[in-house]
1. If neighbour count is taken as other Cβ atoms inside 10 Å, put C:16, D:98, D:63, C:113 in order from fewest to most.
2. Using the alpha-carbon atoms, what tilt in degrees (0 to 90, nearest 10) does helix D:123-134 show relative to the longest principal axis of chain D?
3. What are the nm distances, shortest first, from residue D:104 to its equivalents in the other copies, labels at 7 Å along Cα→Cβ?
4. So what is the calculated 222 nm ellipticity per residue for chain C, using -39500 (n - 2.57) for each DSSP H run with n of 4 or more, over all residues, to the nearest 500 deg cm²/dmol?
5. List, shortest first and in nm to one decimal, how far the label point of residue C:116 (7 Å from Cα along Cα→Cβ) is from its counterparts in the other copies.
6. Using the number of other C-beta atoms within 10 angstrom as an exposure proxy, rank D:79, D:107 with the fewest first.
7. Quick one: Karplus J couplings for the stretch D:72-82, per residue in order, coefficients 6.51, -1.76, 1.60, θ = phi - 60°, nearest Hz, x for Gly and Pro?
8. Where does the Debye-calculated log10 I(q)/I(0) of chain B sit at q = 0.09, 0.15, 0.21 Å⁻¹, using only Cα point scatterers of equal weight, no solvent?
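Bear in mind that the values in this text are calculations on the coordinates, not laboratory data. Predicted, not measured: the structure shown is a model, and the values here were computed from it. Positions of Cβ are generated from backbone atoms using ideal geometry, with glycine treated the same way; all protein chains shown enter the neighbour counts.
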Number of protein chains: 4
Amino acid sequence: MAVSSIEIPVRFAETDAMGIVHHSNYVIWFEAGRVALMADAGIPYTDIAAGGNHFAVTSLQVDYRLPAHFGETVRLMTTVGALRSRQIVFHYVLAGQDGRALATGSTEHMCVDLANRTARIPAPVAAVLQAFAER
Amino acid sequence: MAVSSIEIPVRFAETDAMGIVHHSNYVIWFEAGRVALMADAGIPYTDIAAGGNHFAVTSLQVDYRLPAHFGETVRLMTTVGALRSRQIVFHYVLAGQDGRALATGSTEHMCVDLANRTARIPAPVAAVLQAFAER
Amino acid sequence: MAVSSIEIPVRFAETDAMGIVHHSNYVIWFEAGRVALMADAGIPYTDIAAGGNHFAVTSLQVDYRLPAHFGETVRLMTTVGALRSRQIVFHYVLAGQDGRALATGSTEHMCVDLANRTARIPAPVAAVLQAFAER
Amino acid sequence: MAVSSIEIPVRFAETDAMGIVHHSNYVIWFEAGRVALMADAGIPYTDIAAGGNHFAVTSLQVDYRLPAHFGETVRLMTTVGALRSRQIVFHYVLAGQDGRALATGSTEHMCVDLANRTARIPAPVAAVLQAFAER
């Protein structure tokens, strides 16, 4: 099972008055993770969008274990989960600079067309993502 | 079961290139919802924080049903779920201007002290939240 | 000179590790201010956008005087500045709950069409904004 | 005059319904730019903060020339401007993936202590930033 990994330098703007990264930023980081996975797999998300499709988020789940801090560079590892004709799941593990897991999560997506109607994941996209998942 | 309700005018900055509200903003709105609930219940979050405690988010779950758009004012309804000695759960229902449910979700929180150690929810805070939940 | 005024409850997510509102949020609040001004003037921004135009930001200036804090509701007052055939300027004063000025600023905008080309501000829009400015 | 340069992959969450990067994100990128400059100069911002000081933003100015898009990696170049006993100015040039200038800007900062009172920039910090500026 192939893993896509990116490093994210924590921005000061991502912190909150508790002195740690605000939990909403993990959702934005997860998106950066799946965008990087698609690029790694060989099908940039801009190509999918240019083809008239989007992976609309239908469900989100995050477990927060340890806080992330400004000044560290965190690592996000993203994998492909269930892949169906119109749906795809991504899984995420976020690690701190010391390697400890800070959070885990997953997102479920429905493939939609430009009119926001449910659509089949284009065959070439599905093939590339399936191949990445099995790599 | 008492419900705290707030209206949120969608900001243009909250939209994304799909022309709808970016899904990460729901997480920020949920936070505004539970802050409003605590104020409605009679125990502003600033008082809890001034007392040396925070409700750190340990888990987050969102189901997205319909998109929210710039130009509408959405309504967020927040309720208290499970309330334990050190943990509290909030539930959320987000409705569009036309009344349809856009999303549902929940967050789990651990009470922590200023050193980020697990702590009991202060008795007066727990009492007020329990009373609100049973109202 | 008419002033459009809105109240903004500070969100916890808008704070940073200095314990105050992060300065980038003022830029988002200013946008909410000019959107409210257009609605007050009688020409909602969604109508302008539906007509195929946008007021692209070409310049931004903010002076920060005092910090804003979570737990307070700030007040933003927005006015129309220079209004030319293709450009418009907005001015902003942000006040804290105690009435003291927290920040002042201005934004300059170029009217663009859907292809992002410079365009004349539609006559009815210009008339409404001019009338508001002179009210 | 030394320049600190960082690459920033545009996040989808940073776009808005105009299909381009929302202008508020440039403010967050500028912050990442000056944080990188301080690290390049040899005085990480976390060290300055750990020493009890912050560079509070007192003024911000941005000129927007061309839009940035999701799918490109932009380059931000940051330099030190005026450096006084209690104040520092940073200048920014943001370039698109094709090398064209997307935006320029500057921020002015006042050195403050933990109680948010004006303070002298610590001598070692000032020396390191001066040396970087003259490099």
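1. Details: C:16 23, D:98 8, D:63 16, C:113 13.
Going from least to most buried by this count: D:98, C:113, D:63, C:16.
2. It is inclined by approximately 50 degrees.
3. 2.5, 5.1, 5.5
4. Calculated at 222 nm, the ellipticity per residue is -8500 deg cm²/dmol.
5. So the distances to the same position in the other copies read 2.4, 3.9, 4.0 nm.
6. Values: D:79 19, D:107 26.
Fewest-to-most ranking of D:79, D:107: D:79, D:107.
7. Those phi angles translate into 9, 10, 8, 10, 10, 10, 10, 10, 8, x, 4 Hz.
8. Summing over Cα pairs of chain B leads to -0.27, -0.72, -1.19.
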